[in-house]
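All remarks here apply to the structure that follows.
The values are calculated or read from the model by the stated rules, or taken from the named source; none is laboratory data. Since we're looking at a predicted model, the values are computed, not measured. Using ideal geometry, Cβ is built from the backbone for each residue, glycine included, and neighbour counts are taken over all protein chains shown.
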Amino acid sequence: MTSNSSSDSRRIGFLLNHDELHQVAHIAPIISALQRQAPGTRVEVITSSDRQAEAVRQFLDPALPAPVFRSIRPNRWSRLAENMLGRMVPLNRMSSLKRSTDLYRHFDPLLSPWFRFRESILDYFASQNDYNLIFAPHVMLFQRKILASVEHRLVRFRQRIDSRYDRLGHMHVDTGSARSVDMTYTRVADIYLGDVSSQIYEFIQNPRPAIFLNSHGAEWRGNANYEHWTFGPMLDDIAELGATLEAVSPLSDSCRKAQARAFAYSFDMDTRKSPSQRAAAAIAEFMDLP
C-alpha cells in the first residue's frame, strides 16, 4: 500500500488476508527489517483476523516502534456464504521417519493426486512395514468443505481421512499443526512423494530421493512448470509405487545434480544478510526509499 501524496509517500502496507497463518512466517520478518532499512517509512500491517495480527506481532522487533495495525473483515454476505458452504479449501503432504516418505499433496482440484489416488496411497503404506509414514495434508484442507479452482473450472468436495491410519504405529497423520509448515517433515523425511507443489524445493535443500505423481495426465516433458519432475521418477499408476520406492534409493547422480542445480538457482544463500534483510533492501530499492 503506497500513496502518491507527499504526506503519504513513505507509507508501505503488508497485507495478510489468507485464511490460515502459514504465510505469516514468510512475510512478517520483513516488517522490522524494512523499518531498519528505511526508518523514515511508515509501515502498516493489514490483517483479516485477530489471529493473524497476533502471529505477526510475534515476529516484530520490540526495540523498534510498533507498526500501525489495520483490520479488514468480510462483509455479512461473505460471512453468510462461508457459513452455508463451510470454509472452502486445499490439501498437501506426507513424510516419515526411518525410511521417511514425505508426501505433499497440492490443494488444486485438478492438480492434486488426492482426488484420483486418495486412500490407495495410505492403504499401501498401512499394509507394509518397511516404511514409516507421516501424512500431513495442507493446513487448509480441513477448514473447508468445497475445494474450487477458478483457473480449471473445477469443484471438489472435501474427503475425510479415516482415523484408522493414525492408529497404526508406523503412520502419523498431521492435519495442520505448526510442524506441517515449518519444514519439520521435509527435514526428517528420507524420501519425498509429491506432486506439483513447490514444497519440493524445501526438501532438496539436502538432496534426497523424490517420487512424483502425475494424477492429472500432464504432458510434462519439456514443460518448465514441471521442471521439478526431473528430480526423480514420475508415476502415472500407484501400482508402481512399491517397486519405485525400492529402486529410488540411493539417489542417482543425475537426480542429485538436478536437485542441487535447481536449489542453487531458486535460493539466494548469501549468509551475509538474512532473507528478511535482503527482501527489505529490495523493497527499499524498488520504492526508492531513502
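Scanning segment 28-38 for residues that are closer than 13 Å to Ala63 by Cα and out of contact with any Leu (no Cβ under 8 Å at 6 or more places or on another chain) returns a single hit, Ala33.
Of all residues in segment 156-198, those satisfying the criterion of being among the hydrophobic types (A, V, I, L, M, F, W, C) and buried (at least 22 other Cβ atoms within 10 Å of the Cβ) are Val181, Ala189, Ile191, Leu193, Val196. Reported count of residues in segment 14-42, each being at pLDDT 95 or above and either more than 22 Å from Ala284 (Cα to Cα) or part of a strand (DSSP E or B) (or both), is 1. Out of all the residues in segment 219-237, is one or more assigned to a strand (DSSP E or B) and assigned by TED's automatic domain parsing to the domain that holds Ile121? Yes, there is a match, as at least one residue in segment 219-237 is assigned to a strand (DSSP E or B) and assigned by TED's automatic domain parsing to the domain that holds Ile121. Screening Ala284 on (1) surrounded by 17 or more Cβ atoms within 10 Å (Cβ to Cβ); (2) within 19 Å of the chain's Cα centre (by Cα) shows it passes everything except condition (2). Selection over segment 179-210 of residues that are touching a residue at least 40 places away in the same chain (Cβ under 8 Å) and either in a strand (DSSP E or B) or under 18 Å from the mean Cα position of the chain (by Cα) (or both) gives a count of 22. So for segment 275-285 (the condition being under 30 Å from Phe14 (Cα atoms), at pLDDT 90 or above, small (Gly, Ala, Ser) and touching an Asp or Glu at 6+ places or on another chain (Cβ under 9 Å)), does at least one residue qualify? The answer is no; no qualifying residue exists.
Would you check which residues across segment 172-191 are in contact with a helix residue (DSSP H, G or I) (Cβ under 6 Å, 6 or more places away or on another chain) and modelled with pLDDT of 90 or more and list them?
Filtering segment 172-191 for residues in contact with a helix residue (DSSP H, G or I) (Cβ under 6 Å, 6 or more places away or on another chain) gives 173-175, 183, 186.
Once the filter is applied, which keeps residues that are in contact with a helix residue (DSSP H, G or I) (Cβ under 6 Å, 6 or more places away or on another chain) and modelled with pLDDT of 90 or more, segment 172-191 yields nothing.
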